[in-house]
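The next block holds one structure in the form of structure tokens; read it before the comments.
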Amino acid sequence: MSETLVRGDPFPGGSFPLAGRPIARVGYGTGQVTRHAGNSEAQAKAVELLHVAFDLGITHFDTAQFYGNGLANELLRASFGNRRNDILIATKAGAKPVPGAPIPLEAAQKPFELRAAVEANLLTLGTNWIDVVNLRRMDFAPGLLADGEQLVPFEDQLAEMAALRDEGKILGIGLSHVTVEQLRTAMPVGMSCVQNIYNMVDRSQEPLLELCIKNDIAWIPYSPSVVAWHTPQGRRPGPCPGRRFPSRGDGIAGRPGMAAHAFAKHDAHPGNEQH
């Protein structure tokens, strides 16, 4: 890491509350890091990059056990294992890795699978608690769709997540890839955040965003910088015609700022994003 780096504003772009603590609006999504960290040298560079992000004021790191079959979590552990209280870790439950498969993921929506995902994250992160776990639903495109035995009642999932929170294994419950109706169902349980797609191309989730603003729920979109061109009909590879948008993976080249963005309640309206 460069010796000339100086930690700047502790909250780049301002702060917002998440899981009971103020956190910078700009966070770091680790999904792309593992794709470039296939050997020990690359992993050392990934750790250095995560340190750079921290030095720039980013303390919110979004991960998942299925990112690189645990590699993203291991990189976070190597980077911040001795400063766990200084960072906020948000992870996901609802899918599990299938190494070597054409699509290296499959649905894991059953309550016992959600618990197993949390336990696996705890193990690879080397921590006793996770700040936020986002329950990833698979009811509509883009992404995997649940079917068969994986069509699990939402209420059963919420009950398991609440139990994990009561046990102290997670501090906050989030939702990912959900509908307005599902958020309304979940709000009595207490939701810390919602993580749906939202960017300059795809604004289809604004009714959900408005509900989050109204109820002081943090809005933490995925694909904020348009990894691919998403439409209500699905995902179209490549950039939006006529524009070039950097991907979440730009950070691996040494520029962490584009990895993920969090829009807090008062600045979440279109045209007023803080990032």
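The values are calculated or read from the model by the stated rules, or taken from the named source; none is laboratory data. All values reported here derive from a predicted model rather than from experimental measurement. Here the Cβ is made from the backbone with ideal geometry for all residues, glycine too, and neighbour counts use every protein chain on show. In case anyone asks, the SASA skips ligands and DNA or RNA and just uses the protein heavy atoms, side chains included. Shrake-Rupley method; radii C 1.70, N 1.55, O 1.52, S 1.80 Å.
Whole-Å semi-axes of the range 1-117's equivalent ellipsoid, largest first, each the root of 5 times a Cα gyration tensor eigenvalue?
The three semi-axes for the range 1-117 are 27, 19, 11 Å.
Near L71: Cβ cut-off under 14 Å, other residues only, Lys/Arg at +1 and Asp/Glu at -1. The net charge is +2.
Within the range 70-163, the proportion of Cα pairs with more than 20 Å between them is 40 percent.
When S192, S204 are compared by accessible surface with a 1.4 Å probe, the order from highest to lowest is S204, S192. The range 64-92 and the range 154-195 have Cα centres separated by 21 Å.
For the range 75-126, the spread of Cα positions along the three principal axes, ordered from largest to smallest, is 35, 25, 14 Å. Sorting 16-25, 59-68 by their mean Cβ neighbour count within 10 Å, with the most densely packed peptide first, gives 59-68, 16-25.
First measure r as the distance between the Cβ atoms of R21 and A162, then evaluate 1/(1 + (r/R0)^6) with R0 = 25 Å and state the FRET efficiency to the nearest 0.05. Mind showing how you got there, number by number?
On the way: r = 20 Å, r/R0 = 0.80.
So the FRET efficiency works out to roughly 0.80.
Using only the C-alpha atoms, the convex hull of the range 132-198 corresponds to 89 Å³ per residue. Of K96, K45, the order by accessible heavy-atom surface (1.4 Å probe, DNA, RNA and ligands excluded), from most exposed downward, is K45, K96. Only protein heavy atoms count here; on that basis, with a 1.4 Å probe, Y222 has an accessible area of about 30 Å². For L175, the residues whose amide H sits under 5 Å from its own are L135, C193, V194, Q195, ignoring neighbours fewer than 5 places away on the same chain, with H placed 1.01 Å from N.
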